[in-house]
Every structure is written in structure tokens, then in C-alpha cells.
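The values are calculated or read from the model by the stated rules, or taken from the named source; none is laboratory data. What you see is a predicted model, and the numbers here were worked out from it, not measured in a lab. Here the Cβ is made from the backbone with ideal geometry for all residues, glycine too, and neighbour counts use every protein chain on show. Surface accessibility is based on the protein's heavy atoms, side chains included, excluding ligands, DNA and RNA. Shrake-Rupley method; radii C 1.70, N 1.55, O 1.52, S 1.80 Å.
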Amino acid sequence: MSYLNLENISLQEIPKISDPDGRGNLSVIEKDVLPYKIKRVYYLYDVPSDSSRGGHAHKELQQFLIALSGSFDVVLDNGINRRTITLNRPNKGLLIPNGVWRELENFSAGAVCLSLVSEVYQEEDYIRQYDDFKLFVGA
Ligand code: T46
């Protein structure tokens, strides 16, 4: 595959229903909001602020990340350029296509990262060496 333009990756609004009686907000993801069927859901929490998660790319897997609570940064890398996007609202999500290297860092206290994923867990789908990733995307 060829490398992706990171400018095409941006935060997406998730519909928010504010309660008219002041009971807070409800956000929902349904129908065709995501370009795939969700096959797996996992979440990251209690991540120390000086730790990072990710540090790999996926061959096929796509995922939608949401900061359900707190905040963290997602560093995206297409093999040539890097771009950092901060997630800090539960009604915004980041769709990461396959073939993008990602690192998650700067987790705030209490941050929870929800991940809605297009594939079941398969270690063979991971590219965990950056040089292998560059070869994969032809960068
Ligand atoms: C990603 C970032 C944001 C499982 O057994 N099942 C699972 O569904 C997952 C996701 C992980 N695992 C096992 C595999 C490892 O032994 O849990 C351990 C930690 O996984 P990993 O080092 O891949 O965790 P992260 O946070 O670095 O990466 C995860 C996802 O794997 C990855 O797809 O994009 O979160």
C-alpha cells in the first residue's frame, strides 16, 4: 500500500443529546457512522502520564478512538510525516485507518480511551517495527 495523507484524518463529531431537564449528555454511535462493523471493543485506563501505548501500525484493522474521560494525545505517522491530535471530549472520535503508525501519550489522570475496532484481535495484523512499517507503506 502507499502512505496516507494525514490531513485526511481528523476528529469527528459524535451526536450528543443534551438532556432538557439538566440530566447531562448522551452520545450515541449507530448505523453508518463508522465505515465498518464493530467486531471488538477495548479500553485503556490507569495509564501513567509518563507512559505511552501503541507504537505500531495495523495492516487491515481500522479503529475509532474516543476519550471517554480525561485526555491524551494521539501521534499519527504515515512513514513520512507526523501529526498529533488531542482527544479530550467524549463526543469527538478519531478514525484511524489501516496503514498508520500511532502512539498514544500524555494521558491525563483518569483518562479512559475507548477503542471500537473493525477486526478481532490478531497479532499477525500488527506491524511493530518502524522499519517494517516504512516498507509496508513504501515510504
Ligand atoms: C492500538 C492501541 C491504541 C489482547 O489480548 N486483546 C486485545 O484486544 C488487545 C488490544 C490486546 N491484547 C493483549 C496483547 C498484549 O499482550 O494485551 C496486551 C497489550 O496489548 P498492546 O501492547 O497491543 O496494547 P497497546 O495499548 O499498546 O495497543 C492497543 C492495541 O493493541 C492497538 O491496536 O491501536 O491500543
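Here are some notes:
- The chain: translational diffusion in µm²/s, Stokes-Einstein, Kirkwood Rh over Cα pairs, 10 °C, 1.306 mPa s: 101
- Taking all protein chains into account, the per residue accessible area for the chain stands at 58 Å² (1.4 Å probe).
- Among residues other than Arg102 with Cβ under 11 Å from its Cβ, the summed charge is -1 (Lys and Arg +1, Asp and Glu -1).
- When each of the peptides 15-23, 49-57, 100-108, 28-36 is scored by how many other beta carbons lie within 10 Å of its residues on average, the order from highest to lowest is 100-108, 49-57, 28-36, 15-23.
- Placing R0 at 22 angstrom, the Cβ-Cβ distance between Ser69 and Glu30 gives a FRET efficiency of 0.55 after rounding to 0.05.
- Positive-end ranking of Asn8, Val100, Tyr42 along the dipole of region 6-137, with charges on Cβ about the Cα centre, is headed by Asn8.
- A Cβ-based charge dipole, computed about the Cα centre of region 1-112 with Lys and Arg at +1 and Asp and Glu at -1, lands at about 280 debye.
- Using the Cβ of Asp73 as centre and a radius below 12 Å, the other residues enclosed give a net charge of +2, where K and R count +1 and D and E count -1.
- Exceeding the 24 Å Cα-Cα cut-off - candidates Lys31/Lys92; Lys16/Lys37; Lys92/Lys134; Lys39/Lys59; Lys31/Lys134: Lys92/Lys134; Lys31/Lys134
- Carbon plus sulfur fraction of accessible area for region 6-137, probe 1.4 Å, in percent: 46
- The helix-based estimate of mean residue ellipticity at 222 nm for the chain, built from -39,500 (n - 2.57) per DSSP H run of four or more residues and divided by its residue count, is -1500 deg cm²/dmol to the nearest 500.
- Nearest-10 value in Å² for the accessible area of Ile127, using the 1.4 Å probe: 10
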